[in-house]
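> There's a structure below that I have some questions on.
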Amino acid sequence: MCGIVGYIGHEQAQPILLEGLSRLEYRGYDSAGIAVMDGGRISLMKAKGRLANLEERLTGAPLAGCIGIGHTRWATHGEPSDLNAHPHTDMKGDIAIVHNGIIENHESLRASLIQQGCVFVSQTDTEVVAHLLNQLWDGSMLSTLRRAMAMLEGSYALCVISAREPGVLYCTRKDSPLVVGLSDGAQYVASDIPALIAHTREVELLDDKEIAVLTAESATVYDAYGHARDLHPIHVDWDVEAAEKGGYAHFMLKEIHEEPAALQKTFSAHVDPVAMKLREEAFPFTEQEARELSALTIVACGTAYHAGMIGKYVIERLARLPVVVDVASEFRYRDPIMGKGDLFLAVSQSGETADTLAAMREAARLGAKVMALTNVVGSSIAREAGKNVMYTYAGPEIAVASTKAYITQVEMMVLLAIDLGLKRGALPREKAGELLAALAALPEKAEALLACEADVARFASRHYDRKHVFYIGRGLDYALSMEASLKLKEVSYIMSEAYAAGELKHGTIALIEQGTLVCALLTQPRLADKTLSNIREVKSRGARVLTVCTEALRERAAVDADELWVIPDIPEELAPLLAVIPVQLLAYYMAVSRGCDVDKPRNLAKSVTVE
């Protein structure tokens, strides 16, 4: 949450900072601000609300200088306001900082600083750091910053500029993402790579408590012990266009249309398409290790958690390995039982999700074999997993509501299930071959399915005023229902819930009344009779039923459906990978019809890097 940018070079900083913030606004959009230094003078401009408000203010009063920092905020401490917007300064205005994360001991630090004469102007935990740096100043920002970090509890990514050292930009991190962009004659800082790729493809990843000292001509990184270390930049091969809308009205719609390509890239990275065999190096365990596993725990948050629920069904079915799926924010606090023989899988699109990272560390402490699934190379979760990391290849995902990252996570769950199934001797090779062949054909089928977009848009235009929507399904369809419901809630603000269809008579059916919209997912042949019975139950009580089904079930589903969307036939383990497309489009078009800000839903941010 929140977006940081920093620049030092020979060009004017303001336009570079604003461009970077525009690419990071999905991380927070309660307020925005920049600080620019010219010689020994720091100037600030801040504005509540969207970045456009800041840009409007700067139009009439631009800030001059070739070094600066910027921030777009998702509020945690203090309401969204001009005063609470970053950057924050000490009382003299000599030191300016931007911060992502939460300083957990900010109250005790604030009380101590007030006793020392500091006057606070904001409600934020961040302002504490600016005053602390001033109080600890010893003539060197590097040593001052190190001393301040020793006093800070919690998570942080910090960028600091000081009029006392006008040619230097400092940045550091702990449990919050931050990357340094390297180039000749300029250096960049950002909380996410899309803010940098218009300027450089060479990025340096900082470990916890490392400090980067940047000048226009150089970058030096000091480790947690204060020793300068060699740089190990990685090359980013994303295109600039991948982080732009490319003619689509919203990033969310663009990213749904990118799903066929994302599925293809993820498949090709893990499967030899000629031999139609899994790439051994793409999966983090040997046959012996796979056979010795006693259980798998998948831990994630939000959409990634729902991908884990799909994983539970397919891994248990294909690999005969017991699977528990846990919400990351709950995992550590239930005193989990784990140890040798247990496998732990952390799933996170960004690789920076705070609760998932903390759960991962707890599992490692308990002795489980820890591995990760993420979309971001070099992210915190990826680095902590070491060699035991698997990647999706969704490319940059800008919309807050995840779509292509989710579908590639589900694809990876299926591939992981096939790999484990083969290595554990639970999955016949013939069946594995059928599934791999079906996965290879999936991108083409997904592309064809996007033709349903017009039908979805028309349906949404007739039903966008619903106050409640229910999603029902059984087995894999129920797991998918949870994600479909979340998407609708996230972007349209319609109250929506997903229920296991078999649970209707245990209370939920009391909520069904005349005109209630129910979306039924029907892709599992072995459960079709029972789900069809549940559809009739809600239909008889006045519900209007939208059914998403496979071609094989079309005729039976049409009997009770008021609206029918049909996906191509596919092995039932893979059906969620196609069925998710129309329900993602439904969420999108319901939100558009209601006039919602689809890419930036209220109160949400893309990456949750604080607990």
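> Considering only DSSP beta bridges with both partners in the stretch 503-574, what is the antiparallel share in %, to the nearest 5?
Roughly 0 percent of the beta bridges in the stretch 503-574 run antiparallel, per DSSP.
> Can you send over the solvent-accessible area of GLU503, 1.4 Å probe, protein chains only, in Å² to the nearest 10?
90
> Given a Förster distance of 51 Å, report the FRET efficiency between GLU513 and ARG41 from their Cβ-Cβ distance, rounded to the nearest 0.05. Before the final figure, lay out the partial values.
Working: r = 65 Å, r/R0 = 1.27.
So, using R0 = 51 Å, E works out to roughly 0.20.
> Next question. With both partners inside the chain, how many of the DSSP beta bridges are antiparallel, as a percent to the nearest 5?
Working: 66 of 106 bridges.
That works out to approximately 60 percent antiparallel.
> Additional query: Where the centroid of each part is defined by its Cα atoms, how far is the stretch 54-104 from the stretch 152-180 in Å?
If we compute the Cα centre of each part, the gap is 14 Å.
> Related question: I need to check one value: relative contact order of the chain, counting alpha carbon pairs closer than 8 Å and at least 6 residues apart, in percent.
Across the chain, relative contact order equals 12 percent.
> Give me the aspartates and glutamates in straight-line cross-link reach of LYS423: C-alpha distance below 12 Å, same-chain residues under 8 apart excluded.
GLU280, GLU287, GLU289, GLU292
> At 0.36 nm per residue, minus the direct Cα-Cα distance, what do MET495 and ASP465 gain on full extension? Give it in nm, one decimal, please.
9.7 nm
> Same structure, new question: Going Cα to Cα from LYS467, which lysines come in below 19 Å? Please leave out same-chain ones fewer than 8 positions away.
Counting by Cα, and skipping residues close in sequence, LYS467 has these lysines nearby: LYS487, LYS489, LYS539.
> Once the piece of chain linking ALA295 and TYR333 is laid out straight, how much longer is it, given 0.36 nm per residue of separation minus the C-alpha distance between them? Walk me through the intermediate numbers first.
On the way: separation 38, 0.36 × 38 = 13.68 nm, distance 1.97 nm.
Additional length available on full extension: 11.7 nm.
> Additional query: Between LYS277 and residues 5 or more places away or on another chain, which pairs have amide H atoms under 5 Å apart, with H built 1.01 Å from N, and which residues are they?
Under 5 Å from the amide H of LYS277 lie the amide H atoms of ASP272, each far enough along the sequence or on another chain.
> Please report the carbon-and-sulfur percent of the accessible area for the chain; probe 1.4 Å, protein heavy atoms only, DNA, RNA and ligands left out.
Numbers: 11280 of 22720 Å².
The nonpolar share, carbon plus sulfur, comes to 50 percent.
> Return the loop-located GluC sites (Glu not before Pro) in the stretch 191-285 (DSSP other than H, G, I, E, B) with at most 13 other Cβ atoms within 10 Å of their own Cβ; answer none if there are none.
GLU217
> Still on this model: Count neighbours as other Cβ atoms within 10 Å of each site's Cβ, and list the trypsin sites (Lys or Arg not before Pro) in the stretch 331-363 that are DSSP loop with at most 14 such neighbours.
LYS340
> Once you have the Kirkwood Rh of the chain from its Cα pairs, apply Stokes-Einstein at 20 °C and 1.002 mPa s and quote D in µm²/s.
Details: Rh = 25.4 Å.
Estimated via Stokes-Einstein, D reaches 84 µm²/s.
> Would you please put 132-140, 94-102 in order of how densely packed they are, using the mean number of other Cβ atoms within 10 angstrom per residue and starting with the highest? Don't skip to the answer; put the middle values down first.
Working: 132-140: 16.6, 94-102: 26.0.
Taking the mean over residues of other Cβ atoms within 10 Å, the ranking is 94-102, 132-140.
> Helix 354-366 sits at what angle to the longest principal axis of the chain, using alpha carbons and giving 0 to 90 degrees rounded to 10?
80
> Starting from the residue with the highest accessible area, list PHE120, PHE344 in decreasing order, probe 1.4 Å.
Largest to smallest exposure gives the sequence PHE120, PHE344.
> Using the heavy atoms of the protein chains and a 1.4 angstrom probe, tell me the accessible area per residue for the chain in square angstrom.
37
> Tell me the accessible surface of ARG383 in square angstrom (1.4 angstrom probe, heavy atoms of protein chains only), to the nearest ten.
80
> Let me ask something additional. Enter the angle in degrees (range 0 to 90, nearest 10) between the Cα long axis of helix 575-593 and the first principal axis of the Cα atoms of the chain, meaning the one along which they spread out most.
It works out to around 60 degrees.
> On to the next question. Over the stretch 464-528, what relative contact order in percent results from Cα pairs under 8 Å that are six or more residues apart?
Over the stretch 464-528, the number comes to 46 percent.
> Enumerate the residues in the stretch 201-218 having an amide nitrogen under 15 Å from the point lying 7 Å beyond the Cα of ARG383 toward its Cβ.
203-213
> Spin-label point model (7 Å from Cα, Cβ direction): what's the ALA52 to ARG536 distance in nm?
5.2
> What percent do you get for the relative contact order of the stretch 359-410 when only Cα pairs under 8 Å and 6+ apart count?
28
> Against the longest principal axis of the chain, how steep is helix 126-136, in degrees 0 to 90 to the nearest 10, with axes from Cα atoms?
30
> Over the stretch 187-310, how many pairs of lysines fall under 30 Å by alpha carbon, counting only those 8 or more apart in sequence or from different chains?
4
> Counting helices only, and only those DSSP H runs with n ≥ 4, report the 222 nm mean residue ellipticity of the chain as the sum of -39,500 (n - 2.57) divided by its residues, in deg cm²/dmol to the nearest 500.
Calculated mean residue ellipticity at 222 nm is -11500 deg cm²/dmol.
> Radius of gyration and Dmax for the stretch 403-497's Cα atoms, expressed in Å?
When restricted to Cα atoms, the stretch 403-497 yields Rg and Dmax of 17.1, 51 Å.
> Here is a follow-up. Antiparallel versus total DSSP beta bridges in the stretch 224-348: what percent is that, nearest 5? Please list the in-between numbers first.
Numbers: 2 of 12 bridges.
Restricted to the stretch 224-348, the bridges split so that about 15 percent are antiparallel.
The values are calculated or read from the model by the stated rules, or taken from the named source; none is laboratory data. On a predicted model such as this, the values are computed, not experimentally measured, just so you know. In this analysis, Cβ positions are derived from the backbone assuming ideal geometry, glycine residues included, and neighbour counts consider all displayed protein chains. These area figures cover heavy atoms from the full protein model, side chains too; ligands, DNA and RNA do not enter into them. Shrake-Rupley method; radii C 1.70, N 1.55, O 1.52, S 1.80 Å.
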